[in-house]
1. Among the residues of the stretch 136-189, which ones are over 19 Å from the mean Cα position of the chain (by Cα) and of a type in the set (D, E, K, R)?
2. So if I check each of Arg67, Arg52, Arg43, which one is under 22 Å from Trp135 (Cα atoms) and in a loop (DSSP other than H, G, I, E, B)?
3. For the stretch 62-83, which residues satisfy the criterion of being away from ligand 2 (no atom under 16 Å from the Cβ) and hydrophobic (A, V, I, L, M, F, W, C)?
4. Any idea which of Val59, Val86 is out of contact with any Gly (no Cβ under 6 Å at 6 or more places or on another chain), farther than 23 Å from Asp132 by Cβ, β-branched (Val, Ile, Thr) and away from ligand 2 (no atom under 16 Å from the Cβ)?
5. Would it be correct to say that Val146 is over 22 Å from Leu13 (Cβ atoms), in contact (Cβ under 8 Å) with a residue 12 or more places away in the chain and of a type in the set (A, V, I, L, M)?
6. From the list Trp53, Trp38, which residue is within 16 Å of ligand 2 (Cβ to nearest atom) and in contact with a helix residue (DSSP H, G or I) (Cβ under 7 Å, 6 or more places away or on another chain)?
7. If you go through the stretch 20-32 one residue at a time, do you hit one that is crowded, with 16+ Cβ neighbours inside 10 Å and either at positive phi or in contact with a strand residue (DSSP E or B) (Cβ under 8 Å, 6 or more places away or on another chain) (or both)?
8. Within the stretch 2-24, is there a residue that is touching a residue at least 60 places away in the same chain (Cβ under 8 Å) and assigned to a loop (DSSP other than H, G, I, E, B)?
Amino acid sequence: MSDGEYTIDDELLARARIHAREVIDESDLEIDLESIEWAVSTRAKRRAGACRWDGDRGVATIVLTRRAYERYDWSAFAVVVRHELVHAWEFQQFGESGHGPRFRERAAELEAPRHCHSFTEPRYVLCCLEADCDWRADRHRASAPVRSPERYRCGVCGGTYAVEHVDSGRTWTTASGYGGAKSALGERW
Ligand SMILES: [Zn+2]
Ligand SMILES: [Zn+2]
């Protein structure tokens, strides 16, 4: 990269930040933009965005995918930005985030559909918990890595990962967490 060159990543982030500011000004979402960090993923292939939470620092990081920015028109990409903003809001307010009723309600207000950040819609998603790793793997059945995540490791960095039941937004990191989510959801499982 040469000095002063304005890259597509700079453009993506500038537009996303401006959009976030507009959305927050126009809604009653109590979100602290100052403690949100933004990043571009050049590696992600299957999702357009992600939001990570560092509870110790109280910082949500919204990661947007360059490939999606190149592929989507702006209005579609803006939906991704709003979707991840709702995750950031949940993290800031509650220290956790998923795609449950609370998320859906806020996402609807911001016209940010629930599953927009995924190119495909798996039943479960394995998601690395390490801050600098964006490994993510889709699973369509409750295989052993879904049922007992503590016995396995991230496919890229070897860190621990969480499993998300995509439809409910429930997440777990242990076999007992899996059992708890399954029994709590009952028929919705
Ligand atoms: Zn999401
Ligand atoms: Zn990892």
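Read-outs: derived from the displayed coordinates by stated rules, not from any lab. All values derive from a computational prediction rather than experimental measurement. All Cβ positions, glycine included, derive from the backbone under ideal geometry; neighbour counts span all protein chains shown.
1. Of everything in the stretch 136-189, those that are over 19 Å from the mean Cα position of the chain (by Cα) and of a type in the set (D, E, K, R) turn out to be Arg141, Arg147, Glu150, Arg151, Arg153, Lys182, Glu187, Arg188.
2. Testing whether each residue is under 22 Å from Trp135 (Cα atoms) and in a loop (DSSP other than H, G, I, E, B) leaves just Arg43.
3. Matches in the stretch 62-83: Ile62, Leu64, Ala68, Trp74, Ala76, Phe77, Ala78, Val79, Val80, Val81.
4. Val86
5. yes
6. Going through Trp53, Trp38 in turn, just one is within 16 Å of ligand 2 (Cβ to nearest atom) and in contact with a helix residue (DSSP H, G or I) (Cβ under 7 Å, 6 or more places away or on another chain): Trp53.
7. Yes, the conditions are met somewhere in the stretch 20-32.
8. no
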